[in-house]
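What follows is one structure encoded as structure tokens, with my remarks underneath.
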Amino acid sequence: MQDPSRRDLLKAAVTGVAAVALPGIAADGIGIAADGSGVEAGGSGASSSAESHSAKLTGRIVRPNDPGYPSASLGWDELFVHYPLVIVFARETQDVVNALAWARQNDVAVRVRSGRHSLEGWSNVDNGIVIDVSELKSAQIDTASRIATVGAGLTQLEAVTMLGKKGLAAPTGTEGSVGLAGATLGGGFGLLTRYLGMACDKLIAAEVVVASGADGAKTIKVDTKNNTDLLWALRGAGNGNFGIVTSLTYKVAPIKGVAYVKGTWKDLNDLHRVFDTWQRTAPFADSRITSQLEIHKSQILLVAVLVDGTEAEAKELLAPTLSVGQPDVSVQVGDWGDIYAGFQVPTANDPANWKFFSQFTTEPFPKEAISVIGSFMQHAPTDDSNFFTNAFGGAVKTDEPYRGASFAHRDALFYSEPGAGWGTRGNKESGAALTPKVQAWIAEFSQALRPYVDGAYVNVPNIGMQDWETAYWGPNFDRLRKIKAKYDPHNVFQYEQSIPPA
Ligand SMILES: Cc1cc2nc3c(=O)[nH]c(=O)nc-3n(C[C@H](O)[C@H](O)[C@H](O)COP(=O)(O)OP(=O)(O)OC[C@H]3O[C@@H](n4cnc5c(N)ncnc54)[C@H](O)[C@@H]3O)c2cc1C
């Protein structure tokens with residue numbers, strides 16, 4: 001959390017109460033055309049680079065005094081509030097090139113944003129520029145070759161729905177409003193993961209705007225033949241580290257339908273047996289099935305998806321866990337796109353503030369670890385708290401993509417995280433009193449599990465963690481630093497846990 005006095009100062013600065021002095025910026029504070037529409041860098045709309053001339057912002061530009069500024073600057077997790085100097089909603093790749101060159105020429109801090117779900121607020125920055133790609137919504141789906149190229153602005157729900165209509169799927173996370181780009185570039189796992197692997201494993205090409213020369217920007221193509229080192233880096237470490245991804249190309253898979261299973265235990269009495277059975281079976285089951293556990297204050301939920309299978313088959317594959325105690329079990333069979341849309345919770349119904357702590361596990365939790373989960377969950381600070389797990393194994397373990405990936409947790413049995421939500425959306429004060437309590441609970445919970453976990457997930461960053469570099473990327477970190485030095489030698493893309501150039 002930032003010192004409030006500094007935040008107040010920054011707020012005053014960007015809302016015009018105090019003067020902002022930035023070198024090389026026009027009197028309106030931002031170098032855009034007088035009518036606000038912007039002009040192309042160097043006057044050339046066709047150019048995909050902007051160097052050695054004065055760059056201007058283009059696209060849909062939102063500044064502090066604009067009526068849309070409060071909503072344009074708000075992220076999904078309202079715990080983090082930032083006051084950027086300007087937000088550029090890119091409408092084409094050239095807007096991104098111009099914005100990056102402008103930021104470099106005016107020495108303004110850059111953040112990249114897609115679906116706004118950064119869990120530490122790192123896609124936004126006080127007094128800097130947010131380059132937002134969420135309006136890049138194009139999609140080209142080639143059903144014959146099973147290759148889909150999409151703009152970096154799609155949400156996961158939009159991507160799953162579009163692909164689903166053509167009988168295709170790519171692995172994604174479970175929350176539809178999360179940005180496809182943000183999820184993919186850090187890994188991306190969910191209910192198709194054991195069948196199809198990580199989202200980043202299916203990434204076969206990307207268009208990326210990178211810093212160029214002393215103060216410019218340019219677009220490069222990344223695929224299995226061009227800039228292959230960057231493709232490897234984008235598959236697990238691409239979030240805000242090397243450049244701004246403007247389009248992503250995936251190898252997608254045909255999928256006929258799924259069986260979606262929900263099992264609910266109404267208390268935590270069977271926690272030890274449910275958890276232990278799950279962790280010893282779910283990561284080794286038929287790779288068509290992926291399951292998750294959610295342990296709440298007073299109930300356990302199991303969610304699973306079996307690809308191209310029947311209700312009976314799904315129940316049989318989950319029988320070891322579902323036969324513990326007497327869970328309520330329901331099964332829905334249908335199209336993946338419909339089922340995925342059906343389990344979404346509208347953001348408006350979510351609490352305002354969220355905190356999670358990510359961890360991977362390579363050895364089954366002993367009894368003591370499961371007791372830790374039970375005891376912390378019984379004392380959870382809010383009703384919207386849970387301990388979440390997602391089974392790994394299957395394709396994640398066996399199907400590393402051609403040219404490899406920087407994602408480093410292929411041997412995990414499962415991913416897990418304690419998490420809590422609190423406060424009312426749009427009302428900053430509503431959760432303030434609970435914030436220290438929740439933060440202490442998460443810190444103590446994750447500390448108590450430390451002996452049993454191994455590594456962390458960059459998409460759910462652990463602020464304040466020592467050795468986060470190796471926790472996220474293991475032995476891949478050194479290579480990532482070299483790739484950073486090649487594509488971003490001036491460290492233009494930096495934030496609290498960004499990769500420093502070698
Ligand atoms: C409610 C919720 C549920 C989640 N569930 C899952 C899950 O099931 N599985 C899973 O794997 N993860 C899950 N996550 C984590 C999620 O994958 C990350 O939060 C993800 O990074 C969010 O991406 P975004 O585009 O929405 O966020 P943003 O805030 O826009 O960006 C997140 C990060 O990616 C960078 N970034 C965004 N777009 C680009 C781009 N085009 N080029 C370069 N860098 C970019 C940003 O700079 C920032 O560092 C969940 C998160 C939340 C909040």
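The values are calculated or read from the model by the stated rules, or taken from the named source; none is laboratory data. Predicted model, so just to flag it, every value in this text is computed and none were measured. Glycine also receives a Cβ, built like all others from the backbone with ideal geometry; neighbour counts cover every protein chain displayed. Calculation scope for accessible area: heavy atoms of the full protein, side chains included, ligands and nucleic acids excluded. Shrake-Rupley method; radii C 1.70, N 1.55, O 1.52, S 1.80 Å.
Structure data summary
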read-out: Rel. contact order, % - alpha carbon contacts under 8 angstrom, at least six apart, region 92-196; value: 22
read-out: Region 203-250 shape via C-alpha gyration tensor axes, a/c threshold 1.5; value: prolate
read-out: Fraction of the pair-distance distribution of region 343-502 above 18 Å, Cα-Cα pairs, percent; value: 66
read-out: Table column - 3J(HN,Hα) (Hz), region 478-490, Karplus curve with 6.51, -1.76, 1.60, x for Gly and Pro; value: 4, 5, 4, 5, 5, 5, 4, 5, 6, 9, 9, x, 8
read-out: Hz values of 3J(HN,Hα) by residue in region 75-85 - Karplus curve (6.51, -1.76, 1.60), Gly and Pro given as x; value: x, 5, 8, 7, 5, 10, 10, 10, 10, x, 5
read-out: Kirkwood hydrodynamic radius of region 311-415, Cα pairs, Å; value: 17.6
read-out: Burial order of peptide ranges 444-453, 353-362 (average beta-carbon count within 10 Å, highest first); value: 353-362, 444-453
read-out: Hits among lysines - C-alpha to C-alpha of K165 under 20 Å, sequence gap 8 or more where chains match; value: K137, K202, K251, K256
read-out: Accessible-area value, H296, 1.4 Å probe, nucleic acids and ligands omitted, Å²; value: 40
read-out: Heavy-atom accessible area per residue - region 48-143, 1.4 Å, Å²; value: 34
read-out: Inter-centroid distance (Cα atoms) of region 173-190 relative to region 358-398, Å; value: 20
read-out: Percent RCO, i.e. relative contact order, over the chain, from Cα pairs under 8 Å lying at least 6 residues apart; value: 14
read-out: Cα-based shape type of region 251-348, given that a ≥ b ≥ c are square roots of the gyration tensor eigenvalues and the cut on a/c is 1.5; value: oblate
read-out: Isotropic mean projected area of the C-alpha convex hull, the chain (nm²); value: 22.2
read-out: Separation between Cα centres of region 77-142 and region 427-464, rounded to whole Å; value: 26
read-out: Cα-projected label distance for A341 with F284, points at 7 Å along beta-carbon direction, nm; value: 4.0
read-out: Other-chain or far-sequence residues with amide H under 5 Å of T424's (modelled H); value: A352, S430, G431
read-out: Shape category assigned to region 147-300 from the gyration tensor of Cα positions, a/c cut at 1.5; value: prolate
read-out: Carbon and sulfur %, accessible surface of region 215-344 computed with the full protein complex present, 1.4 Å; value: 47
read-out: Under the Karplus curve 6.51 cos²θ - 1.76 cosθ + 1.60, θ = phi - 60°, whole-Hz ³J(HN,Hα) for region 122-128, x wherever Gly or Pro sits; value: 7, 9, 9, 7, 5, 6, x
read-out: Long-range HN-HN contacts of S287 with modeled amide H, under 5 Å; value: none
read-out: In degrees, nearest ten, helix 435-449 long axis to first principal axis of the chain (Cα); value: 60
read-out: Using alpha-carbon coordinates, inclination of helix 93-105 to the longest axis of the chain, degrees; value: 60
read-out: P(r) histogram, all alpha-carbon pairs of region 356-421 included - 10 Å bins from 0, percent; value: 19, 42, 25, 12, 2
read-out: Mean-position separation - Cα centroids, region 193-249 and region 465-502, in angstrom; value: 15
read-out: Helix axis angle, 367-378 relative to the chain longest principal axis, alpha carbon, degrees; value: 70
read-out: Equivalent ellipsoid dimensions for region 87-200 as semi-axes, Å, which come from the Cα gyration tensor, largest first; value: 28, 16, 10
read-out: Where region 452-502 is the region considered: accessible area per residue in Å², 1.4 Å probe; value: 48
